[in-house]
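For reference, the structure is listed below as structure tokens.
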Amino acid sequence: MGTAVLSLLGKIASIGRVAEPAPTPPEPAPADLARRAKALRGSAQVRCVDAGSCNGCEIEIGQAFGPVYDVERYGARIVASPRHADVLLVTGPVTRNMAEPLRRTYQAAAEPRVVIAVGDCAVDCGQFAGGYGVEGAVADVVPVDLAVPGCPPTPDQIVAALRRVTGR
Amino acid sequence: MLAISLVQAFLVLFGAPLLVGWMRQLRSRLEGRVGAGMLQPWRDLVKLLRKAPQQPEGTGPAFRIAPLLGVACGGVAAAAIPLLSTRTGLGAGADLIAVVALLTLATAALALAGLDTGTAFGGMGASREMTITALAEPAVLTAVFALATRVGSTNLPAIVAATLNHGARLASPATLLAAVALGVVVLAETGRLPVDNPATHLELTMMHEAMVLEYSGPDLALIELGAAMRLTVLLGLWSALFAPWGIATGTSVAALAIALAALVAKTALLGALIAVGEVFMAKLRLFRVPELLAGSFLLAVLAVTASFFLA
Amino acid sequence: MSTDADLLDLAAGLFLLAAVAILWRRDVVAQTKWLIVQGAALTGIAVVLGADERHPELYAVAAGIGLLRAVVLPALVRRAIEARSEDRETAPLINIGASLLAAAALVLLAYAVTQPLVRLEATAAARALPVGFAVVLIGLLVLVTRRKALSQIVGFLLLDNGITAVAFLAAAGVPILVELGVSFDLLLAVLVLRVLTARLRAAFGSVDLDEMRELHD
Amino acid sequence: MNLVGTGLTVAAAAAGAATLCALLVPVRVRALVSGVLSALIGVAGVVAGGAALSGETFARPLPNLLPLAGISIGVDALSGVFLAIAGAVTTVASVYGIGYAAGTGRGRTAQALWPLFAFSLLLVPAAASVSTLLVTWELMAIGSLVLVLCGDPTDGRVREAGVWYAVMTHLGLVVILTGLVWLSAAAHAQTFAGLRAASGGLSPAVRGGVFVLLLVGFGSKAGMAPLHAWLPRAHPEAPSPVSALMSAAMVNLGIYGLVRFGLDLLHGGSRWWWIATLVLGALSAVYGIVQAAVANDLKRLLAYSTVENLGLILVGVGACGVFADSGQPALAALALVAALLHTATHAAFKSLLFLGAGSVVHATGIRDLDELGGLRTRMPVTAGLFTLGALGAAALPGGAGFPSEWLLLQSLIHGLAVPGIVVVVVLPVAVGAIALSAGLAVATFVKALGTGFLAKPRSPAAAQAHEAPASMRAGMWLAAAACAGLAVLPGAAGPALARAAAAGLRGSGTPVSGGVLHQLTALGSTLSPLLLVAVVAAALLLLRAVLMLASGPGRRRAVVPLWDCGAPPLTARMGYTATSFAEPLQRVFDDVLAPESDLDVTPHAESAYLVERVAFSRAVPDRIEHRLYEPVLHSMRRAGQAARVLADGSVHRYLGYGFGGVLVILLILVAAQ
């Protein structure tokens, strides 16, 4: 306590807000997704599933939830259990070992639920297409609603995708 | 006055998520974020209530009743505590020990629900939560003892009214020590830092969160609402005991309006204190928590003795 | 009840709280911070007594105490700590929880023991007497149950604060000379301990008293 | 011959009849007939007790029944409490016992002894003279001992428990005997009336000495630490109805002895008696519940919880003594009422819990919580009723234990009006102890319920459990009704208990007048459990209805698989067992419990670095037993070895010993003249 607290307070005061100003909202989601997005009423609990990615996308997702991009301001929040989740952020090509867990994660999330495939690998297996351990793209295992291309996609792409779900 | 009790209950019911939202908003501002706004918890609740209800295989009544019981106990406690006026409806039921017991009942029910799932995390959370609750009890009741002896009753309205009539008592060491002791317990019972981290996503460090991993949809909404109400009720109780300014002793509308403003201000202030404090605090190791609670028990004992050899 | 009495009670309560906190915290730096608080509380007690019993010279004593207890001695301890940053954690012989419970028992004991004195005169000072006594006992507890020489110094200071408080509350303000004498030999003691620990550290690299046992044979 | 007398007579008749039937009636209907008759004993006891509580008294000497002293029966309101409790528990346990005995074919001896034991439980509080008390006490001890041994003769643990129980209960009897003989010799009286009149004139030293002896003797029967060692051994091994009768009715009589002699006949005595009682009570409460929290044998857990609750009752009795000694009749009465009320509530929920545990053992043959689990689906009634009992034992709102513990705390809180340093020092500690035991009780019974009845079955036996037969369920329902009644309407028992308290404090120079009783109700009536329960229930229903409306019609819960982190299967071995649930608590109280754990790693044959098998075992033995009893037993064994040298089997030597003894006595006589 004491000096440490004061110095930290000083930092907080001097730095202030680090979040960047909100970019223009993205175009609304496709129809079927829009219906569910409306049901979510501007709040999206997010569960990340690494179906076999190189962790590049995880780093970007981490950035998206960090103070600078701050997707939480749009009502998205990471949760610890798929039971609590409305949105699954799936990254990487689905490996044989992760196919079943991914299916079960999808089952565990209560309706209405949204699946976002993050990164080229998730969209179309990218680099790893046809790899011996690869089951396929995320869409081959669970129904995908939104795709965020890029290797890795930039945080604001991820933020944009989540904003289309929360509609804020 | 039954009306006052009902007002209090609904006040807490609707205000609790706002308090949580306020604390989260403050916290994210301190972290340099923009924050989701004070209404976010309500958005979450409404959404969860609309989601499809699920029942995990092999779970039974305990799992289904616990969320309801959490909210119900929170509401009854809110109705019993003199938040707005000392003339609450449950005059006889508004007993300090009874209120504490009610909140413990809700905790026990949730722990049973956690065990009912039969998953490792549910059991883990239940075991830890009950350990903390069990060890917090002595500090609570001894502090209650210290407060009750001067009034000669554990009836909450009586205690609050007595404090309102003798403001000087608030400055006495006994009250201060009891305040610190109960403050520590409130942190422990509401699962805030340094006892539990409400924002953790790592199962192995969870207590409260681990118990509710199986809940989803409306049940989860009730669980979160219950937790928020618990926090609000305990903060309201604390402020009623140690900062009762503004609480009406009658039932006149003007006095109640003032009391309402005072209540909002006090609760918001306490919430802000906790939120700011959590920025500077790390979670204690599970087996350091008993030390914390033993310390608060010691403070409570000091409060009892102090109420004899001082003031 | 007069406001003076209330203030005295407050100061006494703070005094006790600081002792408890010192027992509670593991970090010696935090303990020294609480020592400062306790010194301030002690000064407060002296001032209130001075105002209460119209002893202007007590203000001087209070000033001296404030300077010594709230500034000089904690500063010395801090210096000693900065000299050796590695043993800031006190390694208690009995775990913190147990020693806290023991402290609770000690406070009750202090209360029970000092009752006859309190009954003699019903002044606020007399009623606050058990606080001082309790702090003496807690100081002894710290002295006994802490391994590191540094935290023992802290315990020693705690003990002395308690003695001073008892002297004040019992005798309603000891003569300046006594007080100064006590404080000075205390100062000496601290200096000696510091030198000693510095030497030991130079010789053995650590100030864990358990390891000093080896010096016997 | 008023209602009390009639009740006792009927009970005696029923006891005789039940015993005869157990011996003569063919085995098919034996259980039914003797069970019904034993239940009749209980009902008669309840009637007698109720009559006594409503103010009737009954006294009758039966001089010819026993040579020399004769038997004298006397019942007042205080005895009434314990009569009623013992009777009620007997009724419940007998009804339950019908199905239990039919199921396990409990032996003829057991069924013949059961009524006698039950009747002796009614006789002890009805005794009105020292000799009567001692006789009935011994009857009770023998009866319970044989019934314990009826558990399972082949089981070694049963035999061991029997030995422990036999030794300790008879040592207790010897101590009580010494105390009472000393008392009546000093007071030149052996009827209670005579003692009450005479004991005022005794010297404080004598009365103090007598009280210490009685505290030890009665305390050991009441499971007061450190004399509790027999309880967690005997209660689990006995057949469950017997456990219920012992744990809910028999141990109470230790309390009765203390109140009757200490407060009534010895006139309250001096303050240190009661401080000692209070402190020992607080110690038993905390030690008992800490042991219960880490126990994983269901019945052992319940037995330790009995130690805890009797400790709480002792705290109440001690507080009552202290207040009475410092001239606070209202407070003394309040504390005693709290103690008696807790005796009643404890009897209710503990009999329910032991009967529930009995059904579990009956259905699975398992007592180890680690191997149970998932019983809720197969035996719903037992699970539901056990929940009610657990709620009571955890002293949570809606549970039977809540009002009584609340009242106890009230008496202590008001007690700080009493002057005296010791009081001020002791009461906060007592409150802390009560609070800790209350908190740990919640954890303990969440464990018992959650790992025993919820979750997944952890053994085949638990998976194939079956609901208890009708008569056993009926017994549990009766006990549950008692629990519910005491939980929501404890006030109904108020006046009766106040009368009992007045009777208990009669001797101690603190007249409990009508005014005091009024004060008492004023102190005690600030809580209305009924209101509390009703409001919570109303809130629950309201919430449920609102949710129904909000979610709209036709939204049914979709049954989904448990979240297994994506990696099936989720087996019962992954769930938390009772041991793992209690592990944090056990680590917190390590210094108190001193658990013995043993890790045995067997390396692989080829390499010392490859582990082939790891065996881990942990036991939490009763530490007091270890540190206090084993040294004593050891030294006694050594003494025995030494004595064997003297006894080498030669008849002449034995005759020589006898002759020498006679000579010594003669010499003493000569010297005395």
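The values are calculated or read from the model by the stated rules, or taken from the named source; none is laboratory data. Values in this document were obtained by computation on a predicted structure and should not be read as measured data. Counting neighbours? That spans all protein chains shown, and the Cβs are built from the backbone with ideal geometry, glycine included.
Among the criteria (1) in contact (Cβ under 8 Å) with a residue 60 or more places away in the chain; (2) more than 8 Å from chain B (Cβ to nearest Cβ); (3) more than 19 Å from the chain's Cα centre (by Cα), the one D:P460 does not fulfil is (1). Apart from one condition, D:A465 fits all of (1) part of a helix (DSSP H, G or I); (2) over 20 Å from the mean Cα position of the chain (by Cα); the exception is (1). Scanning region C:69-94 for residues that are at pLDDT 75 or above and surrounded by 16 or more Cβ atoms within 10 Å (Cβ to Cβ) yields C:R69, C:A70, C:L73, C:P74, C:L76, C:V77, C:R78. Could you tell me whether B:T305 is β-branched (V, I, T), at pLDDT below 85 and surrounded by fewer than 18 Cβ atoms within 10 Å (Cβ to Cβ)? No; evaluated as a whole, the condition is false for this residue.
Just name the residue that is nearest to the other protein chains (Cβ to nearest Cβ) out of those in region C:104-124 that are part of a helix (DSSP H, G or I) and hydroxyl-bearing (S, T, Y).
So in region C:104-124, the residues part of a helix (DSSP H, G or I) come out as C:104-120, C:124.
Retained after the next criterion (residues that are hydroxyl-bearing (S, T, Y)): C:111, C:114.
Numbers: C:Y111: 5, C:T114: 8 Å.
Going through the qualifying residues, I end up with C:Y111.
State whether the residues of region D:516-528 include one that is surrounded by fewer than 19 Cβ atoms within 10 Å (Cβ to Cβ), within 12 Å of chain B (Cβ to nearest Cβ) and at pLDDT 85 or above. Checked region D:516-528: no residue is surrounded by fewer than 19 Cβ atoms within 10 Å (Cβ to Cβ), within 12 Å of chain B (Cβ to nearest Cβ) and at pLDDT 85 or above. Every condition in (1) surrounded by fewer than 24 Cβ atoms within 10 Å (Cβ to Cβ); (2) outside any helix (DSSP H, G or I); (3) modelled with pLDDT of 85 or more is met by D:A395 except one, and the failing one is (1).
Within region C:18-32, the residues that satisfy the criterion of being within 12 Å of the chain's Cα centre (by Cα) and more than 7 Å from every other protein chain (Cβ to nearest Cβ) are C:A18, C:A19, C:A21, C:I22, C:L23, C:Q31, C:T32.
Scanning region B:129-143 finds no residues that are within 30 Å of B:G250 (Cα to Cα), at the interface with another protein chain (Cβ under 7 Å from one of its Cβ atoms), surrounded by fewer than 24 Cβ atoms within 10 Å (Cβ to Cβ) and within 22 Å of the chain's Cα centre (by Cα).
Confirm whether D:A51 is part of a loop (DSSP other than H, G, I, E, B) and either touching a His at 6+ places or on another chain (Cβ under 8 Å) or crowded, with 16+ Cβ neighbours inside 10 Å (or both). Can you show your working first?
Numbers: part of a loop (DSSP other than H, G, I, E, B): no; either touching a His at 6+ places or on another chain (Cβ under 8 Å) or crowded, with 16+ Cβ neighbours inside 10 Å (or both): yes.
In short, no.
Candidates in region B:23-41 are the residues that are among the hydrophobic types (A, V, I, L, M, F, W, C) and surrounded by 19 or more Cβ atoms within 10 Å (Cβ to Cβ); of these, the one that is farthest from A:V71 (Cα to Cα) is B:M23. When the test is whether a residue is under 29 Å from B:I4 (Cβ atoms) and not aliphatic (A, V, I, L, M), B:P61 does not pass it.
Residues D:L78, D:L113: which one is under 25 Å from the mean Cα position of the chain (by Cα), part of a helix (DSSP H, G or I) and surrounded by fewer than 24 Cβ atoms within 10 Å (Cβ to Cβ)?
Values: D:L78 fails: surrounded by fewer than 24 Cβ atoms within 10 Å (Cβ to Cβ).
Of the residues listed, the single one that is under 25 Å from the mean Cα position of the chain (by Cα), part of a helix (DSSP H, G or I) and surrounded by fewer than 24 Cβ atoms within 10 Å (Cβ to Cβ) is D:L113.
If the condition is being among the small types (G, A, S) and at positive phi, then region A:92-134 contributes A:G92, A:G119, A:G126, A:G130. Is it the case, given these coordinates, that B:A72 is of a type in the set (A, V, I, L, M), buried (at least 24 other Cβ atoms within 10 Å of the Cβ) and facing chain D (nearest Cβ under 7 Å)? The answer is yes for B:A72.
Restricting region B:285-294 to residues that are buried (at least 17 other Cβ atoms within 10 Å of the Cβ) and over 20 Å from the mean Cα position of the chain (by Cα), which is nearest to the other protein chains (Cβ to nearest Cβ)?
Within region B:285-294, the subset buried (at least 17 other Cβ atoms within 10 Å of the Cβ) is B:286, B:289-294.
Now narrow it down to the ones that are over 20 Å from the mean Cα position of the chain (by Cα): B:286, B:291.
Numbers: B:L286: 7, B:E291: 4 Å.
Step by step, filter region B:285-294, then rank; the result is B:E291.
Within region D:557-598, the set of residues being surrounded by fewer than 16 Cβ atoms within 10 Å (Cβ to Cβ) and among the β-branched types (V, I, T) comprises D:V559, D:T571, D:V592.
Here D:A433 passes the criteria (1) within 13 Å of chain B (Cβ to nearest Cβ); (2) at pLDDT below 90 except the one numbered (2).
Residue-by-condition table, conditions (1) in contact with a helix residue (DSSP H, G or I) (Cβ under 9 Å, 6 or more places away or on another chain); (2) over 30 Å from C:A149 (Cβ atoms); (3) in a helix (DSSP H, G or I); (4) of a type in the set (A, V, I, L, M, F, W, C):
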position	(1), (2), (3), (4)
C:L7	yes, yes, yes, yes
C:L10	yes, yes, yes, yes
C:L14	yes, no, yes, yes
C:A19	yes, no, yes, yes
C:I22	yes, no, yes, yes
C:Q31	yes, no, yes, no
C:W34	yes, no, yes, yes
C:G39	yes, no, yes, no
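If you check A:G130, A:G66, A:G62, A:G136 for being more than 12 Å from chain D (Cβ to nearest Cβ), at pLDDT 90 or above and over 13 Å from the mean Cα position of the chain (by Cα), only one passes: A:G136. Answer with yes or no whether B:T59 is in contact with a helix residue (DSSP H, G or I) (Cβ under 6 Å, 6 or more places away or on another chain), polar (S, T, N, Q) and either within 14 Å of chain A (Cβ to nearest Cβ) or closer than 30 Å to D:P380 by Cα (or both). Here the answer is yes, as B:T59 does meet what is asked. When D:T377 is tested against (1) within 14 Å of chain B (Cβ to nearest Cβ); (2) surrounded by fewer than 24 Cβ atoms within 10 Å (Cβ to Cβ); (3) of a type in the set (S, T, Y); (4) closer than 30 Å to D:L278 by Cβ, just one condition goes unmet, and that condition is (4).
Taking (1) at the interface with another protein chain (Cβ under 10 Å from one of its Cβ atoms); (2) part of a helix (DSSP H, G or I); (3) surrounded by fewer than 24 Cβ atoms within 10 Å (Cβ to Cβ) in turn, B:S153 satisfies each apart from (2). Checking the structure you have, find out if any residue of region B:248-263 is at pLDDT 85 or above and facing another protein chain (nearest Cβ under 8 Å). Within region B:248-263, not a single residue is at pLDDT 85 or above and facing another protein chain (nearest Cβ under 8 Å). Within region D:119-142, does at least one residue satisfy the condition of being in contact with a Lys or Arg (Cβ under 7 Å, 6 or more places away or on another chain) and in a helix (DSSP H, G or I)? Checking region D:119-142: not a single residue is in contact with a Lys or Arg (Cβ under 7 Å, 6 or more places away or on another chain) and in a helix (DSSP H, G or I). Tell me, yes or no, whether region A:74-88 has at least one residue that is more than 10 Å from every other protein chain (Cβ to nearest Cβ), under 16 Å from the mean Cα position of the chain (by Cα) and in contact (Cβ under 8 Å) with a residue 24 or more places away in the chain. Looking for residues that are more than 10 Å from every other protein chain (Cβ to nearest Cβ), under 16 Å from the mean Cα position of the chain (by Cα) and in contact (Cβ under 8 Å) with a residue 24 or more places away in the chain, one finds at least one in region A:74-88, hence yes.
If the condition is being charged (D, E, K, R) and assigned to a loop (DSSP other than H, G, I, E, B), then region A:117-168 contributes A:D145, A:R168. Every test in (1) part of a helix (DSSP H, G or I); (2) within 11 Å of chain A (Cβ to nearest Cβ) is passed by B:G32 save one, and that test is (1).
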